[in-house]
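Worksheet for the structure shown next.
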Amino acid sequence: MSAANMLASRRRVLRGVMSGTAVSVGLPFLNCFLNESGTALAATGQTLPTCFGTWFWGCGLNPGRWEPNTLGADYDLPPEVTALAPIKSKVNILSGFKVFTDGKAQQPHHTGNLGILTGHVSKNAGQDVHPSVDNLIADLIGTKTRFKSVEVTATGNARHTQSYRGGSVVNPAEVSPAALYTRIFGSEFQDPNAADFTPDPKVMARRSVLSGINEQRKDFERHLGSEDKVRLDEYFTSLRQFEQQLDFQLQKPPPAEACMMPKEPGQTPYSLDIEEATTNHELFADLLAYALACNQTRVFNMVFTDEQSTVRRPGTTTTHHILTHEEAVDEDLGYQPMATWFCNRIVEQFAYMVKALDGIREGDGTLLDRTLVFGLSETGFAKVHSLENIPMFTAGSGGGRVRTGMHVSAKGDPGSRVGLTMQQAMGVPVTTWGTDSLQTSKAISEILV
Amino acid sequence: MTVTLKSICALTAVGMTAMLSACSPANAPLETSITAGSDMAGGPVVMRRITEGQYDRIIAHVFGSTIQLGGRFEPDIRANGLLEVGAGRVSVTPSGFEQYDLMGRNIAAQVLGEKNRPILMPCKPAAVDAPDNACAAQFLSRVGRLLYRRPLTDAELSVQVKKASEATKTLSDFYAGLELSLASMFVSPPFLFRQEISEPDPDHPGMMRLDGYSKAARLSFFLWDAAPDPDLLDAAANGELHTRKGLERQVDRMLGSPRVKEGVQAFFADMLEFDSFKTLSKDTTLYPKFTFRVVDDAAEQTLRTITHHLLVENGDYRDLFTTPHTFLTPLLGSLYRVPVASPDGWAAYEYGPNDVQAGILTHLSFVALHSHPGRTSPTLRGKALREVLLCQEVPDPPGNVDFNIVQDTSNPNYKTVRQRLDAHASEPMCVGCHKITDPLGLALENFSTIGGFRTSENGATIDTRGELDGVAFANAAGLGRAVHDNPATASCLINRVYSYGVGREPTQSETAWLTDYVGKRFQEAGYTLPRLLRTIAMSDTFYRVVSSDQGAQMAQSAGNTQLQPVEK
Amino acid sequence: MGLRFLTMTLLGAAVLSQSAVAGETRGFVLDWFHLATLNGEESCPDGLYPLSEVFYTRELKRLGYAPNEIEDLLKDFPNGGYMEPIINRGRIDGEPVNVYAYPWSQPDPEITLVTGKRAFGFNLDDQVSDQDFIEPVTGEAGIDNQLYRALGCFQSHTGALPERPGLPQIVWDIQRDYMPAWLVELSDVDDFQNDDEIQIGFYRAFGPVKRDATGDVRSDMTLWVDPDPRMHNVVAGRIKDGVITSNGFEFRMLGNPMFMAEYTLQKARARFEITPDGRLEGVLGGFQPWQDIYYGNFGSQGWATEHSAGVDFPGAYYALKKLADADPDPETGENQAISGTYRVEAVPAFLMRKSNEVAEAR
């Protein structure tokens, strides 16, 4: 090694460490290790459970650069969605949907996603929020797993969650892949494929002790006003769910043929730096895929960039959000080049998430086939906070309930139609959903099987 | 009669500033009657979830500071400018419960581990592998009183003991069983939530007040941001706290305790939104001096400055915006570009009389916290000043603004942010709101996005002239003086301090009382914080309970002035 | 920045810049200190000295190894069997000895020397000879810099800014975290463009430099001056058209004992400029005991550095000895010091002293 090389590598390492550059920890490839057991699984005739996940990003995409020109199957891929090419047959693109505010002031970068995910636009930020579809779905399908749902964000801020429980309660997001690993695959993880099963006496004791809180519920409620009682109800709902998690740990878990312990990710820095966010997103995506494959949860919520996408590139002065407002449109290109860089990165990462699920083979299909991923943003054209034409994707067929490979355009239709469709696809018994102009009973028949 | 008049007055006032001029001091007779009649206002109780800091302090005070928490708290929400008010609106989510459970078991394991057991256990079990209900009860009742901020009821104690006994049998280990019972207390509502209980007030028939333990807890979290200590709990138990003399003894004891410093720091960290530091990031390629250590030091600089000025010096609150005195580490000195007379730790520092660096608005904790990662934002800074320190609400940008006026930092025609904002002002939709914020924020343009001092931007000299509510100034020091002299500055603090104490916005009658009585006392006391805390802590209003269906109307905007876009 | 007032918390602390001298004072802390070099093509037109694999082959051949044995010894380079014979390639009384400790125990390999015309530095002896260089920045002739002539054709000792010479850069980068920082102070300055009388001070601090988020030395930190007068070098100087130059002085500074424990430069001279972003950049030259240079940089480092940096240590020893150009030993007449020039870069800092020291000085 020449001194020059020695020097260069030393400086790189030094700089890398000092500036906190993420060292990405690779996970083993997810595919191809299941073929044999997959066949065995198919032979048992067992139906694998369906899963649901949301995938959120901020600041939308550039109008005219992501909506396919053709409708229905075999759609074309405009420049900002080319990253979807390898998985196109398993992805739907939904264009044209909008959110109505019915005279309520728009909360920029919040109203759009709220309208789609909850079917309701609240008057004031953080108040009177309705539950989001992931929670409505988790109430149905998430009650028989260790975790009812798992929320993560690649942005390093636990408040960047898109999982609304209603009122002012949100499910905070996990920010660290290493912490998520410990939570799911740490010492309390029970391999569903282990030959023998002995309930852990410690878990039995914990379960018993916690029941003491329930026994005293009446006393705790005695002095509370009606609003506080509602909040204590939420507490007891959480407690009940936690008890159920313990109950599942006391039962022999059903086998999960594709389940495998993922590699433990090391500690990674997290912030609004897009490179760190990307590293963490990829680690999260891989961990979530295993969490679903191992039946630890059936619902997840992923935030890649927050509402208004405050991520930024290292070495630049401005965030994606600021760029959408302030960057000049390049006259030759016809779009904002720096802001668009983020759009491309975002779609690439959505594709990464989908591929992580598709990479886990189960029988003749993949984990993605029994999963429905709902990708959405909060605005159609971030530059003007437009609530028109908010970009949305779905991926996976949710166990055969969703037709894929379609482009559906519904110009001017309420985005709550998508939220309703997601619920119906997952089996939630709901026919009409949403409030005011977002109220709808029209699911998207083109993609519902 | 008096109250009715006050209510009308409050109702017609559009904001705190207007209220001040409308209700005092012109209405002097009214004032006197209110003062003479003391304080009979009050409001509903709100159940608050304990905050991270409170949780932390309770554990440290009860079990010692060596106990590690090892968990992640649910995010708090901010309401009426405070997380402490938001704490009255949140509950516990499933994932939050999981975290509380993890932390609780972790703490219990440390408390009853072999190292701490001899110190923290008041008794030894008859056998280590079998239940000993007497010993378990002794431990759980002693610890439970401190954790629940009141004695455990007989029913509660018997459940905890029974569960400890069952777990001991399952695990054949006394301490493991007791550990789980203790852990369950950490996830139990009486620990996680501050439940305040009211009772009829024998001194004022027909009225309700907090019961002794609730009063003790409200007082203790208010002054210390911590649970009551045994002395205060005793005063609650023996009724002393309900006597004026007993209350006075406790309030003065607490204000004299070193814990009040933590309490005051917790309040200001909440009011000044220092929780945002957790996620504050700057572009280190552009600003390599901004390391994570700087973030810790930045919050502490301001909190040290505040507690030194308000508690040690007993200074005028408004002087915080003009004071040349602060505390620095060499690391902060490297950002501010000033020498620091301490090789390693903190050193007092005094700016010169002509320096623009004066007051906490010029601290990194303000200018860096309210900036973009790579550049400053007069708009964000101005908005924060209005909302955080003057309790005024700046309207959100309208939804469908077209930001076609481009703020391109590389445009040679618009070198400074003032020039870019001026160009932006040709958009009539935007100018109204920017006039509310930008003239304040532009005065702070001498401070870069990381708080470093500068006099030019892109080679052009920075113009720091600005204006606050008709008062013009030349630079940040002038802005600090304008904030000092603005009547909203003191009234905003009163609003926030009271809201912090009661965990909600003041009711209309409380707002009137705060404005007229407390505001006047604060002024008379030279705007000193300990006196303000004492005035509130010694009042009846602070502990008076009026349920919401008894007609305690929340003030329309909680003392926040809703600003309207400026027409021009 | 204007006048700053400092509240004393530590008993008797004072900012040096507030001391009695008139005019402005600016402090700096050293970011870089290493051999001042130019690029290899210019300085060594006949080619650079080969890397260690090549000269190890030559040395093994000299020691009598057959070509197939040499190939075998070097087949796992940089690991492998060659290490032992190479490290012990010296011979005293026919016995193998560690060549780094006894560099004279092997014959002079006659390393490649700098033949280029230019080198950084000063005319230290006020004479112009054919061994002297021309200064790249000032254009001055008669530059004394035999240190560069000796070492400048090692591949790890070449590089024109912004490229730095590899080995000296690494050595400084490693040691600066573990040694008290070096400080420079310009005082008594009325005009940073032109001032006939200023004072330049070189000091050592109490603690090491602090770094920033990118790993560079953090500027504008407060550093405390070590009161030990042995680490105080104060010299008069001047500023002409923004160029700061010192009179001759003796420069003495303690370094990191792992490398150069001590730097002593006789007839030292310094030349700096202040960059638009406030950095102090320039050169420091003088006559330095050549054995200090050999044992600090090479003799104490051994095989690990020799093979990885491609510096022939005994070759460097002989070159330094041959090219030494000052301070003749009274008995042998051999020169004990060699002229050399170091690149100096420093960032703004606040220099502090205990006030009792200031009081004593008054």
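The values are calculated or read from the model by the stated rules, or taken from the named source; none is laboratory data. As the structure is a prediction and not an experimental result, all values here were calculated from the model. As a convention, Cβ positions derive from the backbone with ideal geometry for all residues, glycine included, and neighbour counts pool all protein chains shown.
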Query - Verdict on A:THR70 being buried (at least 24 other Cβ atoms within 10 Å of the Cβ), of a type in the set (Ser, Thr, Tyr), at pLDDT 80 or above and farther than 16 Å from A:PHE374 by Cβ - result: no
**Report entry** Single unsatisfied condition, C:HIS34 versus (1) under 30 Å from C:MET253 (Cβ atoms); (2) part of a loop (DSSP other than H, G, I, E, B)
**Finding:** (2)
Query raised in the report: Would you pick out the residues in region A:248-279 that are more than 14 Å from every other protein chain (Cβ to nearest Cβ) and either closer than 30 Å to A:ILE213 by Cα or outside any loop (DSSP other than H, G, I, E, B) (or both)?
Result: A:GLN251, A:LYS252, A:PRO253, A:PRO254, A:THR278, A:THR279
Query raised in the report: Does any residue of region A:297-319 turn out to be touching a residue at least 60 places away in the same chain (Cβ under 8 Å), out of contact with any strand residue (DSSP E or B) (no Cβ under 7 Å at 6 or more places or on another chain) and part of a helix (DSSP H, G or I)?
Result: no
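Counting only residues that are surrounded by fewer than 16 Cβ atoms within 10 Å (Cβ to Cβ), give me the strands (runs of 3 or more DSSP E) lying completely in region C:191-243 with at least 1 of them.
On the way: elements: C:195-204, C:221-224, C:233-240.
Filter on region C:191-243 gives C:195-204, C:233-240.
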Query raised in the report: Using beta carbons and a limit of 9 Å, which pairs, at least six apart or on different chains, have the first residue in region C:221-238 and free of Cβ contacts under 8 Å to residues at least 60 places away in the same chain and the second one in a loop (DSSP other than H, G, I, E, B) and among the small types (Gly, Ala, Ser)?
Result: C:VAL235/C:GLY248
Report task. Would you tally the residues in region C:310-354 being under 20 Å from C:GLN266 (Cβ atoms), under 18 Å from the mean Cα position of the chain (by Cα) and in a strand (DSSP E or B)? Result -> 10
Requested in this report: Could you tell me which of the residues B:GLY503, B:GLY470 is within 21 Å of B:VAL388 (Cα to Cα), in contact with a helix residue (DSSP H, G or I) (Cβ under 8 Å, 6 or more places away or on another chain) and not acidic (Asp, Glu)?
Outcome: B:GLY503
**Report entry** Any hit, region A:77-91, residues being in a loop (DSSP other than H, G, I, E, B) and at negative phi
**Finding:** yes
Report summary line: Residues of region C:77-95 being without any contact (Cβ under 8 Å) to a residue 24 or more places away in the chain and surrounded by 15 or more Cβ atoms within 10 Å (Cβ to Cβ), in sequence order, are C:ASN88, C:ARG91
Query raised in the report: If we keep just the residues of region A:147-185 that are assigned to a loop (DSSP other than H, G, I, E, B) and more than 10 Å from chain B (Cβ to nearest Cβ), which is nearest to A:LYS263 (Cα to Cα)?
Result: A:ALA154
Query - Conditions (1) within 20 Å of C:SER308 (Cβ to Cβ); (2) part of a helix (DSSP H, G or I); (3) modelled with pLDDT of 95 or more; number of the one not met by C:VAL99 - result: (2)
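Which one of B:THR153, B:THR168, B:THR93 is on the phi < 0 side of the Ramachandran plot, more than 34 Å from the chain's Cα centre (by Cα) and polar (S, T, N, Q)?
Only one candidate passes the filter, namely B:THR168.
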Requested in this report: Taking only region A:201-223 into account, find how many residues are surrounded by 14 or more Cβ atoms within 10 Å (Cβ to Cβ), more than 7 Å from every other protein chain (Cβ to nearest Cβ) and over 15 Å from B:GLN160 (Cα atoms).
Outcome: 2
Query raised in the report: Which ones in region C:234-243 are in contact with an Asp or Glu (Cβ under 7 Å, 6 or more places away or on another chain) and not small (Gly, Ala, Ser)?
Result: C:ARG238, C:ILE239, C:VAL243
Query raised in the report: Tally time: how many residues in region A:83-111 are within 21 Å of the chain's Cα centre (by Cα), in contact (Cβ under 8 Å) with a residue 12 or more places away in the chain and more than 14 Å from chain B (Cβ to nearest Cβ)?
Result: 13
Report summary line: Taking region B:464-483 and the residues there that are touching a Lys or Arg at 6+ places or on another chain (Cβ under 8 Å) and over 17 Å from B:ASN354 (Cα atoms), the one that is surrounded by the fewest Cβ atoms within 10 Å (Cβ to Cβ) would be B:ALA472
**Report entry** Among (1) small (Gly, Ala, Ser); (2) farther than 21 Å from A:LEU224 by Cβ; (3) modelled with pLDDT under 95, the one test that B:SER198 misses
**Finding:** (2)
Report task. Would you mention how many residues in region B:176-201 are surrounded by fewer than 23 Cβ atoms within 10 Å (Cβ to Cβ), over 19 Å from B:GLY503 (Cβ atoms) and touching a Lys or Arg at 6+ places or on another chain (Cβ under 7 Å)? Result -> 1
Query raised in the report: What's the number of the condition C:PHE202 fails, among (1) within 17 Å of C:MET179 (Cα to Cα); (2) within 12 Å of another protein chain (Cβ to nearest Cβ); (3) in contact with a strand residue (DSSP E or B) (Cβ under 8 Å, 6 or more places away or on another chain)?
Result: (2)
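Go through A:GLU282, A:GLU227 for me and flag whichever is within 25 Å of the chain's Cα centre (by Cα), part of a helix (DSSP H, G or I) and either of a type in the set (Val, Ile, Thr) or farther than 20 Å from A:GLY186 by Cβ (or both).
Criteria check complete, one pass: A:GLU282.
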Requested in this report: Sort out which residues of region C:120-160 are within 16 Å of C:THR245 (Cα to Cα), among the aromatic types (Phe, Trp, Tyr) and in a loop (DSSP other than H, G, I, E, B), and write them in order of number.
Outcome: C:PHE120
Query - Spans of helices (runs of 4 or more DSSP H) in region B:163-246 with at least 2 residues facing chain A (nearest Cβ under 10 Å), of a type in the set (Val, Ile, Thr) and closer than 27 Å to B:ASN116 by Cβ - result: none
Query raised in the report: Failed condition for C:LYS321, given (1) closer than 18 Å to C:GLY152 by Cβ; (2) in contact (Cβ under 8 Å) with a residue 60 or more places away in the chain; (3) not aromatic (Phe, Trp, Tyr), with all others met?
Result: (2)
**Report entry** Sole residue being in a helix (DSSP H, G or I) and within 10 Å of another protein chain (Cβ to nearest Cβ), chosen from B:SER334, B:SER365, B:SER342
**Finding:** B:SER334
Query raised in the report: Do we have C:GLU250 as out of contact with any His (no Cβ under 6 Å at 6 or more places or on another chain), within 19 Å of C:ARG343 (Cβ to Cβ) and either among the acidic types (Asp, Glu) or modelled with pLDDT of 95 or more (or both) here?
Result: no
Query - Any chance C:ARG89 is under 29 Å from the mean Cα position of the chain (by Cα) and within 28 Å of C:TYR295 (Cβ to Cβ) - result: yes
Query - Contacts under 6 angstrom Cβ, first residue in region C:241-267 being without any contact (Cβ under 8 Å) to a residue 40 or more places away in the chain, partner surrounded by fewer than 16 Cβ atoms within 10 Å (Cβ to Cβ) and aliphatic (A, V, I, L, M), 6 or more apart - result: C:ASN247/C:ALA236
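Look at A:ARG159 and say whether it is within 25 Å of A:ASP247 (Cβ to Cβ) and at pLDDT below 95.
It is false that A:ARG159 is within 25 Å of A:ASP247 (Cβ to Cβ) and at pLDDT below 95.
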